[in-house]
Protein chains: 2
Amino acid sequence: MGRPSRYGEAEILDGAKQVSAEIGPQKLTIAKVAARAGVPVGSIYHRYASRDEILAAVWLDFVEDFQRQFLAELEGREVLKAGLAAVRFACGWVRGHPREARLLLLHRREDFASERWPASDRRRAEKLAADAGDCLGAYARRLAGRTGVVERNAVRLALVDLPMAGLRRDVEGGQRPSPDMQRLLLKTCAYVLRQAARSRNQRRKGRSGNGS
Amino acid sequence: MGRPSRYGEAEILDGAKQVSAEIGPQKLTIAKVAARAGVPVGSIYHRYASRDEILAAVWLDFVEDFQRQFLAELEGREVLKAGLAAVRFACGWVRGHPREARLLLLHRREDFASERWPASDRRRAEKLAADAGDCLGAYARRLAGRTGVVERNAVRLALVDLPMAGLRRDVEGGQRPSPDMQRLLLKTCAYVLRQAARSRNQRRKGRSGNGS
DNA sequence: ATGGTTTTAGAATGGCCATTCTAGAACGGC
DNA sequence: GCCGTTCTAGAATGGCCATTCTAAAACCAT
């Protein structure tokens, strides 16, 4: 019943993603999304209550997709291999989702607004953060085994920050990540994870190039 | 001659830095800078032609300061030690300049506008980029010696992207970088640089955890 | 003191953009 | 054919903010 809809949320969301990826979420305007998606402004507001809600949808959409798969890789049988698999997955995902990768790598979460997010979106975001924290924590404990101290910093650096940093440059230039970079990331990641697997006590002795 | 000035560029620039660091350069408004610095709007425009020019000044100011010293460290006698010294310097600088560090680590260059920068500012920015490229290139060649291929990617990862990624978290939370993180970064940086120093041919053989 | 010059002060202007509003269109059910 | 409902279209509104403008202040030289 009622007039059939000519435009769905999907088209609007896709337009919003395109615009975000091209000019950045901060500069996204409803008018631009409308133009890109070929949807009148009124119809956009018929689906989404506000610009913030649109940005929330854009962000949650691809982050949930990425993170779910990424974290799944982490659960693999052999700890170290699982970590590397996750990093490899991230590289592949970036190659396969150039648009979303721009959003993931080139912008911070808060560029997609936050304060005025509706409660439901906020809950989704909180779940994402909690999941990530839990999985990384679990991974860190697995990596340490019963031998050592859990080094969350190192694990996060190796699995999250390092790959993001490495991939960012290529994506920024509109390139796909180079195989060389992927090799470099995997190798470095493996190194950091191996080091983190050692207990702090072991490191107390034979340490080399460190602080000060 | 003429009425003596009550406010100088320095106060305005400092206010702009504070505001940028707190709410981000994108959200900086002239009114906020005016309020923060205790300077009327008109006087701000008496010194700076536009908001863009203010942001340019903010950005160039601290980046020139940081980069000059960082690149200087790279010239140290022993290649590897010089690289580590540069990373160590970066960690120290972040500790010593919390406000500027936020700007350096939490925002991208283009958040400080670009298109409408005046020519002189653009030239300063280009010089910065050129210097950085030259020095990193020179460093990469020194690192490779006459034995191998120059791996700019690896060098940039180790010296620039990796430290930035590692320091970002702490700075984002308003913390100063932890000593643990610094140790971790130095160790990882050293590893990547050592690997990069090997020639590509050498790696062709005994490689381990790599692509795909 | 007077005039020229540099600054201060902050009000007025104009543009952009999110959001709202008004009309009317396209159904299904009756 | 008429009604209630769900959309479409895009014009009108209102707020924020960069920038401009007007008045007046504070100084110097004469």
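The values are calculated or read from the model by the stated rules, or taken from the named source; none is laboratory data. From a predicted model like this one, the values you see are computed outputs, not experimental measurements. Because the Cβ atoms are built from the backbone with ideal geometry, glycine has one as well, and the counts that use them run over all protein chains shown. Ligands, DNA and RNA are excluded from the accessible area calculation, which covers all protein heavy atoms including side chains. Shrake-Rupley method; radii C 1.70, N 1.55, O 1.52, S 1.80 Å.
Quick notes on this one:
- Test: residue in segment B:8-25 that is of a type in the set (Asp, Glu), away from every other protein chain (no Cβ under 14 Å), farther than 30 Å from residue B:186 by Cα and away from DNA strand D (no atom under 16 Å from the Cβ): yes
- Helices (runs of 4 or more DSSP H) contained entirely in segment A:27-94, each with at least 2 residues that are in contact (Cβ under 8 Å) with a residue 60 or more places away in the chain: A:51-74
- Considering (1) within 14 Å of DNA strand D (Cβ to nearest atom); (2) open to solvent by 50 Å² or more (accessible area, probe 1.4 Å), the lone condition that residue A:50 does not fulfil carries the number (2).
- Filtering B:130, B:154, B:158, B:140 for residues that are under 30 Å from residue B:178 (Cα atoms), out of contact with any Leu (no Cβ under 8 Å at 6 or more places or on another chain) and part of a helix (DSSP H, G or I) leaves a single hit, B:140.
- Note on segment B:26-47: among residues that are within 30 Å of residue A:107 (Cβ to Cβ) and open to solvent by 40 Å² or more (accessible area, probe 1.4 Å), the one that is nearest to DNA strand D (Cβ to nearest atom) is B:29.
- With respect to the conditions (1) at pLDDT 95 or above; (2) assigned to a helix (DSSP H, G or I), residue B:177 lacks only one, and its number is (2).
- Any hit, segment A:163-174, residues being more than 13 Å from chain B (Cβ to nearest Cβ) and either free of Cβ contacts under 8 Å to residues at least 12 places away in the same chain or not hydroxyl-bearing (Ser, Thr, Tyr) (or both): yes
- Qualifying residue in segment A:50-61 (condition: out of contact with any Phe, Trp or Tyr (no Cβ under 9 Å at 6 or more places or on another chain) and near DNA strand C (Cβ under 8 Å from one of its atoms)): yes
- Some residue of segment A:7-23 being assigned to a loop (DSSP other than H, G, I, E, B) and either farther than 20 Å from residue A:131 by Cα or open to solvent by 20 Å² or more (accessible area, probe 1.4 Å) (or both): yes
- Single unsatisfied condition, residue B:115 versus (1) assigned to a helix (DSSP H, G or I); (2) surrounded by fewer than 14 Cβ atoms within 10 Å (Cβ to Cβ): (1)
- Residues (among the aromatic types (Phe, Trp, Tyr) and within 21 Å of residue B:125 (Cα to Cα)) located in segment B:57-95: B:59, B:62, B:66, B:70, B:93
- Residue check, residue A:89 open to solvent by 20 Å² or more (accessible area, probe 1.4 Å), within 14 Å of chain B (Cβ to nearest Cβ) and away from DNA strand C (no atom under 16 Å from the Cβ): yes
- When every residue of segment B:91-107 is checked against the conditions, none turns out to be under 17 Å from residue B:156 (Cβ atoms) and in contact with a Cys (Cβ under 9 Å, 6 or more places away or on another chain).
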